[in-house]
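Written out below as structure tokens is the structure these notes cover.
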Amino acid sequence: REYLQRGHLANPSNTFVLQALGCLEWDRGNTTGGRALLERAMALRPSDGGVYQAYATRLWKQGQISKARAMFGEGTAKAKRHTGLWQGWALMEAKLGNVDKARSLFQQGVWDAGGGKDVGHLWQAWGVLEGEAGDAQRARQYFARAIESSKRAGPALVAWSQMEEREGRVGKARELLEKGVT
């Protein structure tokens, strides 16, 4: 906290420091102070998807679902290519049992990301969702896309391997893990 406060004093308009300090304050129980810092960061840099993601996630964790949805929506409107926003929103909806809404958000995020370097994270999370929903074939397709679109395929290979193990395909799971370490 001390270092972030010093950073804030040295450069009060640094949105990265504002976001980090806002999250720290919120997580330590100073919700009002945390919100104020995050809102200041959003005002200074309205296209910073990470700030919206941090804010919306904290609202969700507090059970303020409608406010979290509104914050995710505002963030994705202002930072369409920010895959973390789309992923966070989709994961929230999935955890709330809104699997079709989650699928729709993953799809929109993939479209809006435009093949950017982080789109693999969306494909991977979508693959996990489909595997948990019982559609292993679709999950495999999404894991494959995650691997194709990411320079760092390790996390997608691990997630895919875990699904294959749950499906009883231990040989395939081992093969995927071996790909991840070679």
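The values are calculated or read from the model by the stated rules, or taken from the named source; none is laboratory data. Just so it is clear, the model here is predicted, and its values are computed rather than measured. Methodologically, a virtual Cβ is constructed for each residue, glycine included, from the backbone with ideal geometry; neighbour enumeration extends over all protein chains shown. Just so you know, the surface numbers come from the protein's heavy atoms only, side chains and all, with ligands and any DNA or RNA stripped out. Shrake-Rupley method; radii C 1.70, N 1.55, O 1.52, S 1.80 Å.
Run W111 past the list (1) open to solvent by 60 Å² or more (accessible area, probe 1.4 Å); (2) within 14 Å of the chain's Cα centre (by Cα); (3) under 25 Å from L157 (Cβ atoms) and report the number of the one that doesn't hold. Here W111 meets the rest and fails (2).
Filtered by the rule that a residue be part of a helix (DSSP H, G or I), farther than 21 Å from W111 by Cβ and over 19 Å from the mean Cα position of the chain (by Cα), region 122-139 gives A136, Q137. Within region 1-27, residues that are of a type in the set (D, E) reach partners that are modelled with pLDDT of 85 or more and surrounded by 16 or more Cβ atoms within 10 Å (Cβ to Cβ) with beta carbons closer than 8 Å, at six or more positions or on different chains, in the pairs E25/G34; E25/L37; D27/G34; D27/R58.
Pairing residues of region 63-76 that are more than 13 Å from M92 (Cα to Cα) with residues that are open to solvent by 50 Å² or more (accessible area, probe 1.4 Å) and assigned to a helix (DSSP H, G or I), at Cβ distances under 6 Å and at least 6 apart in sequence or on separate chains, gives no pairs at all.
Annotation note: of G131, G127, G116, the sole residue that is buried (at least 24 other Cβ atoms within 10 Å of the Cβ), under 20 Å from I147 (Cα atoms), in contact with a helix residue (DSSP H, G or I) (Cβ under 8 Å, 6 or more places away or on another chain) and touching a residue at least 12 places away in the same chain (Cβ under 8 Å) is G127. Tell me whether region 153-176 contains one or more residues that are farther than 15 Å from Y52 by Cβ, under 18 Å from the mean Cα position of the chain (by Cα) and open to solvent by 70 Å² or more (accessible area, probe 1.4 Å). Scanning region 153-176 turns up no residue that is farther than 15 Å from Y52 by Cβ, under 18 Å from the mean Cα position of the chain (by Cα) and open to solvent by 70 Å² or more (accessible area, probe 1.4 Å). Within region 7-39, the residues that satisfy the criterion of being of a type in the set (D, E, K, R) and surrounded by fewer than 18 Cβ atoms within 10 Å (Cβ to Cβ) are D27, R28, R35, E39.
Considering only residues in region 44-97 that are over 21 Å from A113 (Cβ atoms), open to solvent by 70 Å² or more (accessible area, probe 1.4 Å) and polar (S, T, N, Q), the one that is modelled with the highest pLDDT turns out to be S66.
Being among the small types (G, A, S), within 23 Å of T83 (Cβ to Cβ), modelled with pLDDT under 95 and in a helix (DSSP H, G or I): is that true of A41 here? The answer is no for A41.
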